Amino acid sequence: MPRQKHHRDRVYQEIGEPGPGALAVGYVRYSSELQNETSIVTQKRLIQEFLNKKGWKLARWYEEPEQSAKYDSIEERPVFAQLLHEAGTRFQVVVCAFSNRWARSMEAGYASLSRLRRLRVWWATADERWDIDRVQQDGFDVAFAVDMQMNASYVRQLSKRTIAGKEDRALAGYHNGNVMFGYRPPEYPKAPDGAPSTWRPPRTPACPDPVTFPALVRIGELAAQGWSDRAIANALEGYGYVSKTARFGERLLTKDTIAAIRRSWFPREFAPGGGYGTVDAPSGEFVEGKHQAAWPYELWQRMVEVKIGQYHRPTKDAQKQPREFSRIIVCAACRRPLRAKGGGSKSLAYYVDTSLERKLPCATSGNLSVRSSLVMMQFGDILRSIELPETWREEIAVRCHREQHGDDTDAQRIHKRRAEIAAEQDRLIAVFTKGYLDESDFDERMGRLRTELFALPIPETRDAEKLTQKAISAGETLAHMADYWYEALPEERRDMVWSLLTIEGLIYDLERFAIIGLKPREGVLPVLALGLEATGMWEQRDGMLWLRDDYWPLKRDETYPSRPPSLTPAQQERAIALIRQGLSLRKVADLFETSYEVIRRVVARHGIPLQRSERKLTAEQLEQAYALLRADVPFRQVAQQFGIHAESLRRLALRDGVTLRARGEKQTPTQRKLTEEQQQAVCDLVRSGVSMRQAAKQFGMSRQALQRLLKGQDH
């Protein structure tokens, strides 16, 4: 039988429906928590009946509850993106109940089917209306486009109706979304006996939660007193309050959640003395709500004034400055992305682990950071250490070919085990049919076999020629990239990093200040692994490059102090009173167990002039110091002799009007050390034939100073 050729570049490609026994997965989804979960049960039943009809074996379910298919970006649907990532390696068939369960966005629908077609994975709907070959046949392609357009139109119409419904609820004074922290959803009455199917409970406002409402009131009071969001979160930390949002789910109170709560209009009193909160309508109009307000009108007005005074708008330089490793660098302990901070005209840029700040677990302290310039230098060193042999193109071709076909031993083992599992499944079916096995045992054994079958990888078929071309192109670029790395602009370095690594593809150990892992893109991995082999420091595992344990630097021994605590308004007033009484900033900082910089910022915010504290010198000491300065002795040397700071001595000399020679007219150290007769004598020795080294040693001076002295006399 002739071998079937696959032309991957052809526009029209037929996949062909797999025969019985193919490994399939089911994708089920419902859009929001307002829909019934039985929707997924119904979808599973339809898919299972379709699989039984085709004779395909179910490997697993991809369930995506409370997730909308309206998004154009596949990455915004995590389970859907995982299915596409694992397609072709773990299964050959994907089945969903209806086309609108697959995607309601035309962009996402066509992009996902195109990806499955390249991987030669069969896609079909359980209603048997569509499959991956039918959607590109003449006539059916137009019908499928109309079907997808109707799905997208349904989402648009649903969005319009939802906005109109929320506007209607808001104008009536009721909450129009999820109930925020401090409140709980209303308890609607049950339908009366004999009520029609169109009966709906009356609208009811949200009511205060007896557990979290006092905390909401306290948040407003502390914010009005000038407390920072972080300080408020720390003050409420011991009570175990939890906020719940649609985006992040349940999490402890952090500075981010406190900031979101503080910006909300819902707990603010609409009118002075009214007692009712505020509802923000989708149109932007503010309406008096029917729920109890947590923050009186005067209180939240003070909150706004305080926060306006504390707000510092970022500079334009900080807003526009690109981050080379943003969304790329992750913590090696918790694998969470590091947040870029700083980087303006007056501050350094850092990558910071925010696990502690967000109250998330991390094996380290959760608040470590690394300077961005250090990461840039370390990544540049990795690029410079890449050494490709002269025959690197041939070696890359061999590696790509080997990676495509894989290890023959493992492939034979996988095929053998698959055949054994298929034979065992057939045997169990025969035993169950004859009545020797009850249904519960049959389901249990078949479930174990399906789980093992799903765990066995399916050899991924990739075009070795295309992979080789990508790797060779990346190798030719790497050499120029290493030379240009330090001269490139930040925007150019960012583009370089994104062309080499995937998202979250740089693993950084914050305890060792070292890059310990890299996850290159598919076409970059072969050439990068080959180039780093010469160093002997890196090894390839699981599609990544890892720094060998022998080359890991030691963990830093020193313990860095945590962020100094901010002062409450009452503490700030007490600190200002002590400073006005003459206490130094450092002593005040020690008294309140905070940093010098915190006290300095408080003083600067209140505009308090500070008196410079120079160490007092006696009149005799001042005359001695001024005499040395007039003799051209440097400020630093004189200040060190009298135990004061050089800047303090400079201000004292300026205050007393001490006249000093200009910098070019001052005597050199040699001229101050030797008299004119000694200078002439040492020059005569050199001219008489004595070596410069011996003459300089005899007069206790350096050879370079003697050379300068001779040049000065010659001129």
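The values are calculated or read from the model by the stated rules, or taken from the named source; none is laboratory data. Because the structure is a prediction, the values reported are computed rather than measured. Ideal geometry is used to build each Cβ from the backbone, glycine not excepted, and the neighbour counts take in all protein chains shown. SASA here: full protein model, heavy atoms, side chains in, ligands and nucleic acids out. Shrake-Rupley method; radii C 1.70, N 1.55, O 1.52, S 1.80 Å.
The figures follow:
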read-out	value
Förster-model FRET efficiency, 35 Å R0, Ser153 and Glu63, C-beta, rounded to 0.05	0.85
Volume per residue of the C-alpha convex hull in region 110-190, rounded to whole Å³	188 Å³
Candidate aspartates and glutamates - alpha carbon under 20 Å from Lys697, same-chain residues fewer than 8 apart omitted	Glu676, Glu677, Asp684
Packing-based ranking, highest mean first, of 199-205, 539-545, 353-359 given that Cβ atoms within 10 Å are counted	353-359, 539-545, 199-205
Exposure of Ser372 as accessible area (Å², to 10), given a probe of 1.4 Å and all protein chains	20 Å²
Residue-by-residue Karplus 3J(HN,Hα) for region 530-538, coefficients 6.51, -1.76, 1.60, Hz, glycine and proline x	5, x, 8, 5, 5, 6, x, 9, 10
Packing rank of 647-654, 137-144, 182-189, where each peptide gets the mean count of other beta carbons within 10 Å, highest leading	647-654, 182-189, 137-144
Exceeding the 32 Å Cα-Cα cut-off - candidates Lys57/Lys359; Lys307/Lys359; Lys416/Lys466	Lys57/Lys359
Nearby aspartates and glutamates by direct alpha-carbon distance to Lys255 (threshold 15 angstrom, same-chain neighbours under 8 apart not counted)	Asp229, Glu237, Asp353, Glu357
Highest to lowest packing among 506-519, 91-104, scored as the average C-beta count within 10 Å	91-104, 506-519
Proximal aspartates and glutamates relative to Lys54, as straight alpha-carbon distance under 18 Å, when same-chain residues fewer than 8 apart are discounted	Glu17, Asp127, Glu128, Asp131, Asp133, Asp426
Intensity falloff of region 144-201 expressed as log10 I(q)/I(0), Debye formula with alpha-carbon point scatterers, at q = 0.12, 0.18, 0.22, 0.30 Å⁻¹	-0.54, -0.88, -0.97, -1.11
Share of pairwise Cα separations in region 472-534, more than 17 Å, in percent	47 percent
Carbon + sulfur, % of accessible area of region 235-285 - ligands and nucleic acids excluded, 1.4 Å	50 percent
